[in-house]
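A.B. asks: Following this message is one structure expressed as structure tokens.
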Amino acid sequence: MKIRMKKKGLLIVSLLIVGIISINSNAQKNKPNVLFIFADDQRADALGCSGNTYIQTPNIDQLAQNGVQFTNSYVMGGHHGAICAPSRAMLMSGKSLFHVYDKLDGVITMPMHFAENGYETFGTGKWHNKAASFEASFQHGDNVFIGGMADHYSTPMRKLGKDGKLSEPINKGYSTDLFADAAINYLNGYAIGKQENPFFCYIAFTAPHDPRSPREDYIGMYPDESIPVPGNFKALHPFQFDNLTIRDEMLGPWPRTPELIQASLADYYALISHMDNRIGDVINTLKKQGLYENTIIVYAADNGLAIGSHGLLGKQDLYEHSMKVPLIISGPGIPKNQIKDALVYLFDVYPSLADLCNLPEPTNIDGTNFASVIKGKETKIRESLYTSYRHTARAVRTDEWKLIRYPERNYTQLFNLKNDPLEIHNLSELSEYKSKVSEMMGLIETWHASTDDTANLNPSTILPLEYDYKKLKQKPDDKQPKYTLDKYFKGVDLKDVDKSEH
């Protein structure tokens with residue numbers, strides 16, 4: 001009798017264990033996969049779905065139609081010229097600019113959080129936060145580029161080995177294709193495997209970051225003369241606020257000409273269209289392998305770019321064209337064809353995506369969960385938003401207004417973004433806007449304190465606004481291929497190169 005009872009007890013325990021395993025297995029299967037696509041230096045308006053009728057991005061546009069597009073998504077800024085590095089650190093950590101640095105040492109990253117909660121993680125593409133943090137963040141990886149920028153035609157690629165270490169770099173072919181192919185290979189392998197855990201697949205393209213050198217068959221896709229200059233095009237920036245010969249700004253001579261900007265945009269758009277085409281290949285792989293219906297797809301970029309706006313070429317400023325980034329989220333449980341104007345940061349994506357995937361809320365982060373905005377339960381998660389560049393510029397914006405302050409120059413710009421989205425008309429000197437300037441400066445001081453920003457908003461030494469553009473000298477960096485040297489550096493001494501990575 002005792003033996004029978006013992007056997008019966010063991011059977012019950014066994015059934016309970018099987019039941020628990022089954023429940024856990026089903027819970028894992030019910031979690032959506034994640035495909036996270038990250039572009040490099042892409043303006044928010046360089047997409048068809050953003051209203052740009054001059055560029056062809058059908059696959060990204062389709063993502064927007066199938067999901068939610070955020071029209072006011074921002075990078076918080078940067079503490080040096082390579083905005084890409086702090087931007088990616090913020091995205092991956094969920095922390096603000098003043099609480100994280102580039103290397104991500106000792107930080108629990110977004111892919112680590114997903115792995116801790118049952119996800120299989122894979123990464124390919126640009127990782128601007130040192131090799132050690134990539135190795136700590138991903139279980140699998142191929143065609144990984146550790147660095148800020150490279151020649152698109154010859155990019156140094158690494159593979160994450162079974163020992164969890166990245167291999168030595170080997171220069172391979174065109175960057176966009178290598179990253180897309182690595183993701184496709186991973187997804188095909190995942191599909192024929194056991195699929196015991198959902199996947200988190202991260203693709204970080206180096207396009208459309210310069211060199212402005214599209215793949216050969218995309219060169220000329222957009223004739224230069226067919227692309228209009230931006231509505232806020234200027235030949236020169238009207239005043240000096242920081243280093244006007246930082247690497248990005250030396251990609252063209254001064255003063256900027258319409259022809260230079262048209263040529264730059266034509267190549268820039270071609271880089272984006274090529275990337276869009278390969279994104280379509282990745283998404284088609286999801287569909288062919290029966291993975292698409294249960295995959296949340298995120299499309300975003302690390303920062304914007306001027307390319308002629310306000311007389312600038314780079315992203316080392318706080319105008320909308322440089323701080324605003326695309327952000328699109330689609331997939332199971334996401335409403336279709338929705339546009340949201342809530343003010344969000346890239347570092348809000350981490351907690352929001354965790355919520356959408358039914359994961360525990362990440363701890364020790366600054367990001368705010370905007371899943372409620374996606375689901376239509378709220379329209380906003382903050383009333384204002386703060387951006388920063390080095391110690392030289394601070395900005396705050398609300399739904400309607402934006403103020404940029406340059407402490408070292410004792411200079412202020414005030415724009416009404418609803419009436420003047422291109423930030424052309426500075427209202428700060430007009431007497432009728434004195435109270436608005438005061439109100440917005442109060443917001444900057446509040447944000448400055450709450451974010452642990454250590455920059456001095458009231459320096460004792462004031463620098464001049466004036467500068468002589470004739471003293472600005474153009475020089476290439478060592479990543480520019482022959483195509484861009486021939487096209488954008490005519491008459492420049494090619495012996496003197498800039499080796500900084502932005």
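The values are calculated or read from the model by the stated rules, or taken from the named source; none is laboratory data. Fair warning: this is a prediction, and the values are worked out from it, not measured in the lab. Neighbour counts are summed over all protein chains in view; Cβ atoms, including those assigned to glycine, are modelled from backbone coordinates with ideal geometry.
Rundown of residues vs (1) closer than 24 Å to Asp281 by Cβ; (2) among the hydrophobic types (A, V, I, L, M, F, W, C); (3) surrounded by 14 or more Cβ atoms within 10 Å (Cβ to Cβ), yes/no style:
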position: Leu160; (1), (2), (3): yes, yes, yes
position: Leu178; (1), (2), (3): yes, yes, yes
position: Tyr190; (1), (2), (3): yes, no, yes
position: Ile219; (1), (2), (3): yes, yes, yes
position: Leu236; (1), (2), (3): no, yes, yes
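A.B. asks: Determine if segment 50-63 includes at least one residue that is touching a strand residue (DSSP E or B) at 6+ places or on another chain (Cβ under 9 Å), closer than 25 Å to Val282 by Cβ and crowded, with 21+ Cβ neighbours inside 10 Å.
C.D. replies: yes
A.B. asks: Among the residues of segment 294-311 satisfying the criterion of being out of contact with any Pro (no Cβ under 9 Å at 6 or more places or on another chain) and assigned to a strand (DSSP E or B), which is surrounded by the most Cβ atoms within 10 Å (Cβ to Cβ)?
C.D. replies: Result: Ile297.
A.B. asks: State all residues of segment 232-270 that are of a type in the set (Ser, Thr, Tyr) and outside any helix (DSSP H, G or I); if no residue qualifies, say none.
C.D. replies: Listed by number, the residues that qualify are Thr245, Thr257.
A.B. asks: Here is a follow-up. What are the residues in segment 406-464 that are surrounded by 16 or more Cβ atoms within 10 Å (Cβ to Cβ) and either modelled with pLDDT under 95 or among the hydroxyl-bearing types (Ser, Thr, Tyr) (or both), if any?
C.D. replies: Scanning segment 406-464 gives Tyr406, Tyr411, Thr412, Ser428, Tyr433, Thr451.
A.B. asks: Of the residues Pro326, Pro335, Pro362, Pro351, which single one is modelled with pLDDT of 95 or more, of a type outside the set (A, V, I, L, M, F, W, C), part of a strand (DSSP E or B) and on the phi < 0 side of the Ramachandran plot?
C.D. replies: Pro326
A.B. asks: Exactly one condition in (1) surrounded by 21 or more Cβ atoms within 10 Å (Cβ to Cβ); (2) in contact with a Gly (Cβ under 6 Å, 6 or more places away or on another chain) is not met by Leu265; state its number.
C.D. replies: Evaluating Leu265 over (1) surrounded by 21 or more Cβ atoms within 10 Å (Cβ to Cβ); (2) in contact with a Gly (Cβ under 6 Å, 6 or more places away or on another chain) leaves (2) as the failure.
A.B. asks: Determine whether Ala132 is in a helix (DSSP H, G or I) and in contact (Cβ under 8 Å) with a residue 40 or more places away in the chain.
C.D. replies: Considered against the rule, which asks whether it is in a helix (DSSP H, G or I) and in contact (Cβ under 8 Å) with a residue 40 or more places away in the chain, Ala132 comes out as no.
A.B. asks: Determine, yes or no, whether Arg43 is part of a loop (DSSP other than H, G, I, E, B) and either at pLDDT 95 or above or more than 19 Å from the chain's Cα centre (by Cα) (or both).
C.D. replies: In short, yes.
A.B. asks: Out of segment 377-406, which residues are aliphatic (A, V, I, L, M) and not in a loop (DSSP other than H, G, I, E, B)?
C.D. replies: Correct list: Leu385, Ala393, Ala395, Val396, Leu403, Ile404.
A.B. asks: Kindly evaluate Glu249 against the criterion of being without any contact (Cβ under 8 Å) to a residue 12 or more places away in the chain and within 25 Å of Ser175 (Cβ to Cβ).
C.D. replies: Answer is no for this residue.
A.B. asks: To continue, here is another question. So the check is Cβ under 6 Å with 6+ separation or different chains; which pairs have a first residue in segment 328-347 that's among the hydroxyl-bearing types (Ser, Thr, Tyr) and a second one that's outside any loop (DSSP other than H, G, I, E, B)?
C.D. replies: Ser330/Leu63; Ser330/Gly67; Ser330/Ile297; Tyr345/Tyr74
A.B. asks: Can I ask one more? Being under 24 Å from Asn277 (Cβ atoms) and part of a loop (DSSP other than H, G, I, E, B) narrows it down to one of Ile55, Ile108, Ile60, so name that one.
C.D. replies: After ruling out the rest, the residue left standing is Ile55.
A.B. asks: Looking at Asp61, is it in contact with a helix residue (DSSP H, G or I) (Cβ under 6 Å, 6 or more places away or on another chain), among the acidic types (Asp, Glu) and at pLDDT 55 or above?
C.D. replies: yes
A.B. asks: Right, next: Show the residue pairs meeting these rules: Cβ distance below 7 Å; 6+ apart or different chains; first residue within segment 95-111 and assigned by TED's automatic domain parsing to the domain that holds Cys357 and polar (S, T, N, Q); second residue surrounded by fewer than 19 Cβ atoms within 10 Å (Cβ to Cβ) and at pLDDT 95 or above.
C.D. replies: Final answer for the pair search is Ser96/Thr451.
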